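The block underneath contains the structure these notes are about, expressed in structure tokens.
The values are calculated or read from the model by the stated rules, or taken from the named source; none is laboratory data. Since the model is a prediction, treat every value here as computed from it, not as a measurement. Counting neighbours? That spans all protein chains shown, and the Cβs are built from the backbone with ideal geometry, glycine included. Heads up: the accessible areas ignore ligands, DNA and RNA and are worked out on the full protein's heavy atoms, side chains in. Shrake-Rupley method; radii C 1.70, N 1.55, O 1.52, S 1.80 Å.
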Amino acid sequence: MRDQVISTLIFTALLLFPGCAKNLMMEKDDIKFTYLALGDSYTIGESVDASQRYPVLLTDSLRKAGYPMDDPVIVARTGWTTDELAAGIRTADLSTPYSLVSLLVGVNNQYRGRDVENYRIEFRSLLEQAITFAGGQAEHVFVLSIPDWGVTPFAASRDREQIAGEIDQYNAVNREETRTRGVLYIDITPISRQTAEDPALIADDGLHPSGRMYAACVELALPEIKTILNRIRQPK
């Protein structure tokens with residue numbers, strides 16, 4: 001009954017006040033999805049042009065697919081560990097809620113030899129913050145796995161198997177914590193491990209992903225992200 005009354009009122013407004021109704025429809029069409037990306041060098045796009053950062057590539061791909069997107073808000077810095085990202089978030093001027101929030105962090109914890117269980121505690125806290133930034137909607141958040149830097153030219157003189165094993169341990173932790181909270185998990189690590197066969201996936205610094213790798217990650221994630229935005233457009 002309530003829905004019928006609302007529909008009648010809207011229909012009456014369209015007949016009596018077409019100008020106002022048109023403005024309301026325009027305002028609705030002007031609403032844009034917002035996106036907050038949290039992370040480290042893999043999020044800020046170290047050694048690639050700003051246009052090739054994965055949050056920017058993802059936003060551009062969504063726009064091309066017909067989703068109205070604001071420019072992404074990025075809180076990330078090369079070298080950040082989980083606790084440093086948390087500190088960066090505290091000093092950032094962030095508005096909430098965001099339509100989408102992504103989290104990718106942990107490689108620097110592994111690189112510095114930090115305890116993986118300490119990573120679990122700090123990652124869990126960051127994930128909770130990400131959900132808060134998404135207005136408490138866990139289904140609006142997605143986590144990306146940590147790429148394996150052990151396959152890069154930078155790691156040529158290091159123990160590649162040990163690096164791969166530790167990256168797997170860290171990813172096992174962030175995957176478990178992510179799925180426990182009902183958050184989407186996107187495994188991009190296999191893409192990073194294709195570097196051995198495709199050097200073009202690495203940036204000129206010999207360590208970080210190239211724009212080509214970020215584009216492959218976006219291609220992998222895009223269908224899932226569209227599903228999230230479609231749910232926002234058409235709530236139950």
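Residue-wise test of (1) modelled with pLDDT of 95 or more; (2) surrounded by fewer than 19 Cβ atoms within 10 Å (Cβ to Cβ).
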position: ASP3; (1), (2): no, yes
position: PHE11; (1), (2): no, yes
position: LYS28; (1), (2): no, yes
position: ASP40; (1), (2): yes, no
position: VAL48; (1), (2): yes, no
position: ARG53; (1), (2): yes, no
position: LEU62; (1), (2): yes, no
position: ASP71; (1), (2): yes, yes
position: ILE74; (1), (2): yes, no
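Are any residues in region 169-186 open to solvent by 70 Å² or more (accessible area, probe 1.4 Å), part of a helix (DSSP H, G or I) and either of a type in the set (Lys, Arg) or within 19 Å of CYS217 (Cβ to Cβ) (or both), and if so, which ones? Steps first, answer last, please.
First, pick out the residues of region 169-186 that are open to solvent by 70 Å² or more (accessible area, probe 1.4 Å): 169, 175-176, 179-181.
Checking which are part of a helix (DSSP H, G or I) leaves us with 169, 175-176, 179-180.
Residues satisfying the conditions are ARG175, ARG179.
Residue-wise test of (1) in a loop (DSSP other than H, G, I, E, B); (2) touching a residue at least 12 places away in the same chain (Cβ under 8 Å).
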residue	(1), (2)
PRO190	no, no
ASP205	yes, yes
TYR214	no, yes
VAL218	no, yes
ALA221	no, yes
ASN230	no, no
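When ILE121, ILE163 are screened for being part of a helix (DSSP H, G or I) and under 24 Å from GLU197 (Cα atoms), only ILE163 passes. Residues of region 171-219 that are within 22 Å of VAL116 (Cα to Cα) and of a type in the set (A, V, I, L, M): ALA172, VAL173, VAL183, LEU184, ILE186, ILE188. For region 83-100, filtered to residues that are under 17 Å from the mean Cα position of the chain (by Cα) and β-branched (Val, Ile, Thr), the residue that is farthest from ILE131 (Cα to Cα) is ILE89.
Just one of the numbered conditions (1) more than 24 Å from ALA203 (Cα to Cα); (2) open to solvent by 10 Å² or more (accessible area, probe 1.4 Å); (3) of a type outside the set (D, E, K, R) is not true of VAL101: (2). All of (1) crowded, with 21+ Cβ neighbours inside 10 Å; (2) without any contact (Cβ under 8 Å) to a residue 40 or more places away in the chain; (3) polar (S, T, N, Q) hold for THR132 with one exception: (1).
Looking across ALA164, ALA216, ALA138, ALA155, one residue alone is in contact with a helix residue (DSSP H, G or I) (Cβ under 8 Å, 6 or more places away or on another chain) and open to solvent by less than 10 Å² (accessible area, probe 1.4 Å). It is ALA155. Answer yes or no: is there a residue in region 198-212 that is over 18 Å from the mean Cα position of the chain (by Cα), open to solvent by 10 Å² or more (accessible area, probe 1.4 Å) and of a type in the set (Val, Ile, Thr). Yes: one or more hits.
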